[in-house]
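Notes follow the structure.
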Amino acid sequence: MKLDRMIGILSILLQKEKVTAPYLAEKFEVSRRTINRDIEALCMAGIPLVTEPGQNGGVSIMEGYKIDRTLLSTSDMQAILAGLRSLDSVSGTNRYVQLMEKLQAGASGLLAGDTHILIDLSSWYKASLSPKIELLHNAILSGRKVSFTYFAPGRESERMVEPYYLIFQWAGWYLWGFCEKREDFRLFKLGRMTGLQIGECFEKRTATVPDLSVEHVFPQMYQVKAKIHPKYKWRLIDEYGPESFTAQPDGTLLFSAGFMDKTSIVGWITSFGDGAELLEPACFRQDIMEFAEGIRKKYLEP
């Protein structure tokens with residue numbers, strides 16, 4: 001992309017003092033004419049570049065107009081590289097690492113990155129998820145609508161959406177866009193989309209980044225107290241942290257946390273089998289008993 005190339009050219013000029021157009025053309029695998037146009041574009045953007053003809057000539061940034069090269073330290077660049085590699089884990093390409101190499105031209109000592117941090121944002125469904133991310137990313141960049149069938153709890157529907165943001169949150173990928181069916185901005189989980197297609201162009205509207213705080217998306221409507229068998233301590237620590245329970249004299253764990261609805265409470269408690277007992281809200285104890293009775297009836301002998 002032109003923007004990536006221009007950033008790369010600027011990065012090289014900040015590190016090499018002066019370079020030739022043929023060097024840049026070879027580095028970015030484009031023609032000298034393309035490099036000349038990029039240099040003109042950088043000048044129009046306010047970067048004072050100087051071109052000197054002759055055997056010792058080349059392109060450089062005007063003396064006195066220098067950006068501190070220590071702006072990003074080695075550890076900073078390694079952290080950036082780790083993040084870019086995590087994006088490659090989603091798309092299954094080396095696109096972002098290649099971009100990093102361009103930005104670090106002349107500083108190959110930084111390319112190793114921090115090998116102690118490994119980030120993989122891909123999912124179990126990488127084969128089907130990666131094409132969705134690529135398609136949606138292209139739709140956002142080109143300003144085109146997307147259509148898909150969306151599966152939500154209890155229903156499915158056809159949606160036409162103006163896409164604005166791809167978001168990785170809660171260990172999953174989401175699309176934030178304006179839904180024509182709901183006439184408002186909505187959050188869609190990519191794993192629940194099928195038949196995804198790019199449609200016609202649209203005029204972009206003002207789109208703010210969604211509030212994805214836990215308090216906003218998962219409001220705590222009920223305060224739950226439950227008695228949990230000590231063999232499930234690992235699970236409480238993993239899901240809610242060690243502050244979510246206190247050990248009782250009999251060895252059981254008294255758990256306390258907020259939940260957003262009855263369905264979540266019943267499903268969570270029953271997932272422990274006979275290893276958990278709901279204490280509060282007491283009004284849901286009957287729902288749990290009926291839930292368990294429904295399962296029991298399904299497995300009764302004919």
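Among residues other than CYS201 with Cβ under 14 Å from its Cβ, the summed charge is +1 (Lys and Arg +1, Asp and Glu -1). Anisotropy class assigned to the range 126-214 is rounded, per the alpha carbon gyration tensor with a/c under the 1.5 cut-off.
As a rough footprinting exposure proxy, the listed residues VAL214, VAL19, VAL161, VAL59 were ranked by other beta carbons within 10 Å of their own, and the order from fewest upward is VAL214, VAL19, VAL59, VAL161. For the pair the range 158-201 and the range 216-265, the centres of their Cα atoms are 33 angstrom apart. Simple spin-label estimate for LEU212 and ALA152 gives 1.9 nm between the two label positions (7 Å along the Cα-to-Cβ direction from each Cα).
Counting other Cβ atoms within 10 Å as a rough exposure proxy, the listed residues ILE167, ILE133 run ILE167, ILE133 from fewest neighbours to most.
Assign one of three labels to the range 218-298, namely rounded, prolate or oblate, based on the Cα gyration tensor with a ≥ b ≥ c the square roots of its eigenvalues; rounded applies when a/c is under 1.5, prolate when it is not and a/b is larger than b/c, and oblate otherwise. It comes out oblate by the Cα gyration axes.
Each residue, LEU300 and GLN248, gets one label point 7 Å from its Cα in the Cβ direction; the gap between the two is 3.2 nm. Note on the range 1-54: Cα-Cα pairs beyond 16 Å make up 32% of the total pair count. Residues CYS179, CYS283 in ascending order of nearby Cβ atoms (within 10 Å, fewest first): CYS283, CYS179.
Read-outs throughout are calculated quantities, based only on the coordinates presented, and are distinct from any laboratory measurement. Predicted, not measured: the structure shown is a model, and the values here were computed from it. Using ideal geometry, Cβ is built from the backbone for each residue, glycine included, and neighbour counts are taken over all protein chains shown.
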